[in-house]
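*Asks:* Structure provided below as structure tokens; questions to follow.
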Amino acid sequence: QVQLVESGGGLVQAGGSLRLSCTASGSPSWYNDLAWYRQAPGKQRELVALFTRGGSTTYVDSVKGRFTISRAMNTVYLQMDTLKTEDTAVYYCSAKGSGVFYGETFWGQGTQVTVSS
């Protein structure tokens, strides 16, 4: 199994910054794409940013130009700048399984990000 451990959430004022980290356990061959999702109260979970094994990145329109996803070894980061109150959500790290775990999706426990006005 791939375990994902997140850190870096917290409370910040609008306009501020936070950096989320997520470290994956196990062999790198067990997963390929790493991503960040978020879920706000009463809303569906949405993809925020994706970093593929090949190095491509994708962002949801609402965070383009403000968030940056990066990856180093078995850790994926989400640098969040110019935060807005609507960014308030629980943020989840996700790994797409590969190899022996092909077809599976692994999730972290979630980290709360709260942006105050």
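*Asks:* Quick check on THR82: is it part of a loop (DSSP other than H, G, I, E, B) and of a type in the set (S, T, N, Q)?
*Replies:* Yes, satisfied.
*Asks:* Let me ask something additional. Across the range 55-76, what is the number of residues that are assigned to a strand (DSSP E or B) and either under 22 Å from SER116 (Cα atoms) or free of Cβ contacts under 8 Å to residues at least 40 places away in the same chain (or both)?
*Replies:* 9
*Asks:* Same structure, new question: List pairs: first in the range 14-35 and modelled with pLDDT under 90, second open to solvent by 50 Å² or more (accessible area, probe 1.4 Å) and aliphatic (A, V, I, L, M), Cβ under 7 Å, 6+ apart or cross-chain?
*Replies:* Partner pairs satisfying both residue conditions: TRP30/VAL100.
*Asks:* Considering each of GLU86, GLU46, GLU104 in turn, give the residue that is charged (D, E, K, R) and at pLDDT below 95.
*Replies:* Criteria check complete, one pass: GLU104.
*Asks:* Here's another thing I want to ask about it. Return the residues of the range 16-31 that are over 14 Å from the mean Cα position of the chain (by Cα) and within 16 Å of PHE106 (Cβ to Cβ); say none if nothing qualifies.
*Replies:* SER25, GLY26, SER27, PRO28, SER29, TRP30, TYR31 - these are the residues of the range 16-31 that are over 14 Å from the mean Cα position of the chain (by Cα) and within 16 Å of PHE106 (Cβ to Cβ).
*Asks:* Go through (1) over 18 Å from GLN1 (Cα atoms); (2) open to solvent by less than 50 Å² (accessible area, probe 1.4 Å) for TYR92 and report which single condition fails.
*Replies:* (1)
*Asks:* Filter the range 39-80 down to the residues that are touching a Phe, Trp or Tyr at 6+ places or on another chain (Cβ under 7 Å) and among the charged types (D, E, K, R), then identify the one that is most open to solvent (accessible area, probe 1.4 Å).
*Replies:* Restricting to residues being touching a Phe, Trp or Tyr at 6+ places or on another chain (Cβ under 7 Å) and among the charged types (D, E, K, R), the top hit is ARG45.
*Asks:* Which pairs do you get when a residue that is of a type in the set (A, V, I, L, M), found in the range 98-117, comes within reach of a residue that is open to solvent by less than 80 Å² (accessible area, probe 1.4 Å) and assigned to a helix (DSSP H, G or I), reach meaning Cβ atoms under 7 angstrom, with the pair 6+ apart or on two chains?
*Replies:* Every condition considered, the pairs that remain are VAL100/TRP30; VAL113/ASP87; VAL115/THR85; VAL115/ASP87.
*Asks:* State the number of residues belonging to the range 95-109 that are of a type outside the set (Asp, Glu) and surrounded by 13 or more Cβ atoms within 10 Å (Cβ to Cβ).
*Replies:* Qualifying residue count for the region: 9.
The values are calculated or read from the model by the stated rules, or taken from the named source; none is laboratory data. This is a predicted model, so every value here is computed, not measured. Reconstructed Cβ throughout: ideal geometry from the backbone, glycine too, with neighbour counts over all protein chains shown. These accessible areas exclude ligands, DNA and RNA; they are computed on the full protein's heavy atoms, side chains included. Shrake-Rupley method; radii C 1.70, N 1.55, O 1.52, S 1.80 Å.
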